Amino acid sequence: MIKTYRPGVDDDAIVDIWLKASRLAHPFLGEDFLRREADTIRHTYLPAADTRTVWADGRPVGFLSLLGDQVGGLFLDPAFHGRGLGRALVDDAVARRGSLELDVFVDNAVGRRFYAGYGFVETGRHVDEPTGHPVIRLRYPA
């Protein structure tokens, strides 16, 4: 179910998942920003991160990218929410890293609910410089 990201093979699927999930969780960022950021995901973040994909129906439907113990991104195709796949990705990351930290936008109700349910706790708040939107810093375990 969980596989290591394959550079050049999984890129299109990951960017597509990221766009679908971001449109749901980050509509406040706007379509133009998301389109520009998709290129950055493909060419900058994926090559730098330790990314694992979760598969269903014979294809990747979600991914989690780590930079050390920092979760750079956790995104799941919205059609696959509620099936435990996001939890499986975080379980995998916790098994490999132990503790995790991440930032989640204050306005991302979907992400905040998920992380709170998993047991992440708030350790601080700041403003995301590229977007100007407030974010919450979370840590697991506390």
- Using the number of other C-beta atoms within 10 angstrom as an exposure proxy, rank 5, 115 with the fewest first. 5, 115
- Under 5 Å from the placed amide H of residue 106, counting only residues 5+ away or on other chains, we find 135, 136
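Looking at region 2-140, what % of its DSSP beta bridges pair antiparallel, to the nearest 5?
Numbers: 28 of 29 bridges.
Close to 95 percent.
Output the DSSP H helices from the chain with an along-axis C-alpha extent of no less than 20 Å and a mean Kyte-Doolittle hydropathy no less than 1.0. Before the final figure, lay out the partial values.
Values: long enough: 11-25 (21 Å, 0.37).
The qualifying helices: there are none.
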- Message: Just to be sure I understand: if I project the alpha-carbon convex hull of the chain onto a plane and average over all orientations, what area do I get in nm²?
- Response: 7.8 nm²
- Note on the structure: With residue 68 itself left out, Lys, Arg at +1 and Asp, Glu at -1 over residues whose Cβ is under 13 Å from its Cβ give -1
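Rule-based calculations on the coordinates, nothing more; no lab input. Everything numeric in this text was worked out from a predicted model, so none of it was measured. Every residue, glycine as well, gets a Cβ built from its backbone with ideal geometry; the counts of neighbours run over all protein chains shown.
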